[in-house]
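The values are calculated or read from the model by the stated rules, or taken from the named source; none is laboratory data. Keep in mind the model is a prediction, meaning the values are calculated, not measured. Because the Cβ atoms are built from the backbone with ideal geometry, glycine has one as well, and the counts that use them run over all protein chains shown. Accessible surface is based on the protein model in full, side chains and every heavy atom, while ligands, DNA and RNA are left aside. Shrake-Rupley method; radii C 1.70, N 1.55, O 1.52, S 1.80 Å.
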Amino acid sequence: MTTPHRLAALAVATLFLTTLSTGPVLADDPPGSTSSASPPPEIDANSPELMLPDGATLAPAKILDIKQVVEEEGGEQRREDTNVDVTFALQAEVLFAKDSAKLSPAATARIAAIAVEINKQNSSKVRVFGFTDNLGTYEHGLKLSKQRADAVQQELAKNLDPGKTFDIRGYSEDYPIADNSTEEGRTKNRRVEISFPRTTGG
């Protein structure tokens, strides 16, 4: 039976964003993320069609990626798509026993399915990053998150076409995606992320 999915956000194109100079638009870049190589659009700041208030000026134009996020009910797996790359986030509980870096039998099928998508995109570089919650020491989290990233990479490599290179890191409790003060949040933060460039537009 297929697990129902929840569409958290949907976008189908790159957003061209121009802002007034009252303040910059900032976007958080996760570790290892890539940015679009496309140049921003050229805009005539003196065009009357902009209808700027008196004294207002334009800040430099930027291109921001719009994310499409699909998350399984319960959040066991999340997929984020931009026009630049694809990221899968798998909760640690789906992959490992508590405080372990040994993959569970159920983990191999999920990792194999991600490998299919990497091969489909024909991506040559794959990033595998491990994360923990803020329980325990930071140093233990660094060791465990790296061991888990290594385990996922080794399983992933079994299913990938030759010629892939990997960037494998453990970040401990850094870069949380949820509130570590609740068990629900800590569960989301204990994860392994697999990301790779989008090369086919598919």
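Too long at a 27 Å Cα-Cα cut-off: which of Lys62/Lys188; Lys67/Lys120; Lys67/Lys102?
Pairs exceeding 27 Å: Lys62/Lys188; Lys67/Lys102.
Name the residues whose placed amide hydrogens come within less than 5 Å of the amide hydrogen of Ile66, ignoring near sequence neighbours (fewer than 5 apart) on the same chain.
HN-HN under 5 Å from Ile66: Leu15, Asn83.
Kirkwood hydrodynamic radius (Cα pairs, Å) of region 60-116?
13.1 Å
State, to one decimal in nm, how far the label point of Arg198 lies from the label point of His140, with both points 7 Å from Cα in the Cβ direction.
4.0 nm
If you take the beta carbon distance between Val116 and Leu50 as r and set R0 to 41 Å, what does 1/(1 + (r/R0)^6) give as a FRET efficiency, to the nearest 0.05?
0.35
Only bridges with both residues in region 50-202 count here: give the DSSP antiparallel percent, nearest 5.
Antiparallel: roughly 80 percent of the beta bridges in region 50-202.
Suppose every Lys and Arg Cβ carries +1 and every Asp and Glu Cβ carries -1, with no other charges. What dipole size does region 70-189 come out with about its Cα centre, to the nearest 20 debye?
Dipole magnitude for region 70-189 comes out near 580 debye.
R0 = 41 Å: FRET efficiency of Asp174 with Thr57, Cβ-based, nearest 0.05?
Here the calculated transfer efficiency is 0.65.
Quick one, what does Rg over Rh come out to for region 59-161 if you take C-alpha atoms and the Kirkwood Rh?
On the Cα set of region 59-161, Rg over Rh gives 1.02.
For Leu103, Leu50, what's the largest-to-smallest order of accessible area, 1.4 Å probe?
Descending order: Leu50, Leu103.
Rank Ile111, Gly74, Leu52 by how far each Cα sits towards the positive end of the charge dipole of region 45-114 (+1 on Lys, Arg Cβ; -1 on Asp, Glu Cβ) and give me just the farthest.
Among Ile111, Gly74, Leu52, the one farthest towards the positive end of the dipole of region 45-114 is Ile111.
Let me test this: with uniform point scatterers at the alpha carbons of region 101-147, what is the Debye-based log₁₀ I(q)/I(0) at q = 0.22 1/Å?
Calculated log10 I(q)/I(0) at the listed q: -0.88.
At a 1.4 Å probe radius, which order do Ser47, Ser181 fall into by accessible area, largest first?
Output order, biggest surface exposure first: Ser181, Ser47.
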